[in-house]
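Q: The following block contains the structure, expressed as structure tokens.
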Amino acid sequence: MKTEHTDVVIAGGGLTGYTLAILLARGGVSSIVVEESATLGGAPVVPCDPRALSITPGTQRVLDSIDVWQLLPPEKVGRFDKIHIWDGTGGEEVQFDCSEICSPVLGYIVEQSVLQAALARQAKGRAGIELLMNNTVIGFTEDADSIVCKLADGRIIKSSLLVGADGINSRIRDLAGIAQERIDYHQKAVACIIETQLPHKNIARQRFLKDGPVAFLPLPDANRCGVVWSNGRDTADDLLALDDQTFCEQLETAFEARLGKVLGCESRAVFNLQRSRVLNYFNGHCVLVGDAAHTVHPMAGQGANMGLTDAAVLSELILHARSTGRDIASRQLLRKYERWRKTENNKMTLILEVLKNIYEDNSPSVSLLRGNGMMLLNRTTVIKNKIMKYAMGITGDVPAIVSSSLFEEFSNAG
Ligand SMILES: Cc1cc2nc3c(=O)[nH]c(=O)nc-3n(C[C@H](O)[C@H](O)[C@H](O)COP(=O)(O)OP(=O)(O)OC[C@H]3O[C@@H](n4cnc5c(N)ncnc54)[C@H](O)[C@@H]3O)c2cc1C
């Protein structure tokens, strides 16, 4: 079979893979996206995917820069201006408010399937991107300057770089011999969309319970929320099996009826929860992005945000190399990407791990410490503001797309 040529092969047409392909195409770097599923939006992890994703303003800027944000129907984009967090033992509630940092918003809520479809639409038919559905990379060979991929349908593609954007069970990671560390939380999250008696008022709410947090994420409709309810595996399976009415009653109790009655719920699904990370982000001409490189607990809604930031950073380095006539897959470039993203992703993973441990430990000493800590945090504006900005993806070592739009906002405001 004739060998095809492209700059970059991207295995996996999920949120991260498509974002990377579009970012690269905008800078004149071509790619072929190889997606295992037969559908354009990528394979749902479960037959019906009711996940509502929290999207940070940092990620929103990345999606805006590739004209994907504009493709999301306004009636499908929720927003939150405040976050309320409290725990199951009746400790103090911590409240975050965007007005405290003079920001119009803390974040957005978009259903995963809606975002996935918008990315697929933007990638489809775009010059510089070829989409190969129902196909996988089954092997590759490398030399000093290139990598040659063999696909399941027999195609041969030569490129400078192979990107594994193929999720937590990445085959590219295995083929590249990159080791992964995985911690099983022995938890599953039940995700669904619900209708509540009281309006959410654009507040994202989360209650921490011994077996995991339950979050109500405000959707555009004032009385609809996306729910992510983490629990022990057996309990989560039992919750999935309940009839709608009993499930709504149990959810209402777990959430202390903060939004009144849970009036109804749409399609429920469960997701296994694992923390994972790779020790190296690349090997030879193979590099990993998104869930293929790291997964975190969904309690802070950061997984996809981390993946899209990987894509933004990798594309920034590749496009800079291309514009200065340098190799787009040099060891030096990939090492820089690895250092940059590993540091930021490990930092976020560590913070989430500490939070998870603090909230799930109900020993009297930790409960006391947690209560006092929450009280103190609520009164310490400087720290709270730092946490808000960090969680919004607008501080730290952010890619140029994010920092330049911040600069523009600042200039316009001033
Ligand atoms: C319950 C829950 C709630 C969450 N909430 C949030 C949130 O609020 N905010 C947030 O930022 N994140 C959240 N996340 C995390 C987020 O969903 C993931 O981080 C994100 O979907 C990862 O995207 P990805 O493109 O890297 O991987 P994936 O979504 O796994 O996409 C991988 C793609 O690769 C394809 N593929 C797989 N294997 C192959 C192969 N061998 N060859 C070719 N293609 C292949 C798959 O079909 C798929 O299309 C949540 C996760 C869960 C479980």
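The values are calculated or read from the model by the stated rules, or taken from the named source; none is laboratory data. On a predicted model such as this, the values are computed, not experimentally measured, just so you know. FYI the Cβ positions are ideal-geometry reconstructions off the backbone, even for glycines, and counts take in every protein chain you see.
Q: Which residue is farthest from R326 (Cα to Cα), if the candidates are limited to region 155-191 and must be near the ligand (Cβ under 10 Å from one of its atoms) and in a strand (DSSP E or B)?
A: V190
Q: Now for a separate question. Sort out which residues of region 24-56 are in a strand (DSSP E or B), β-branched (V, I, T) and within 17 Å of D310 (Cα to Cα), and write them in order of number.
A: The answer is V33, I55.
Q: Is it true that T253 is β-branched (V, I, T), more than 30 Å from A144 (Cα to Cα), outside any strand (DSSP E or B) and within 16 Å of the ligand (Cβ to nearest atom)?
A: Criteria not met by T253.
Q: Of the residues E130, E75, E92, only one is acidic (D, E), over 29 Å from R275 (Cβ atoms), in contact (Cβ under 8 Å) with a residue 60 or more places away in the chain and away from the ligand (no atom under 15 Å from the Cβ); which?
A: E75
Q: Name the strands (runs of 3 or more DSSP E) wholly within region 61-122 that hold at least 1 residues that are under 22 Å from F255 (Cα atoms), touching a Pro at 6+ places or on another chain (Cβ under 8 Å) and aliphatic (A, V, I, L, M)?
A: Strands (runs of 3 or more DSSP E) meeting the threshold: 107-111.
Q: Please specify each residue of region 289-323 satisfying the condition of being among the β-branched types (V, I, T) and either outside the structural domain of L162 (by TED's automatic domain parsing) or touching a strand residue (DSSP E or B) at 6+ places or on another chain (Cβ under 7 Å) (or both).
A: Result: V289, T295, V296.
Q: Tally the residues that are under 12 Å from E100 (Cβ atoms) and basic (K, R), restricting the search to region 366-388.
A: Number of matching residues: 2.
Q: Quick one: count up the residues across region 1-40 that are near the ligand (Cβ under 8 Å from one of its atoms) and modelled with pLDDT under 95.
A: 1
Q: A further question follows. Within region 123-134, identify whether any single residue is surrounded by 22 or more Cβ atoms within 10 Å (Cβ to Cβ) and in a helix (DSSP H, G or I), and answer yes or no.
A: Scanning region 123-134, I find at least one residue that is surrounded by 22 or more Cβ atoms within 10 Å (Cβ to Cβ) and in a helix (DSSP H, G or I), so the answer is yes.
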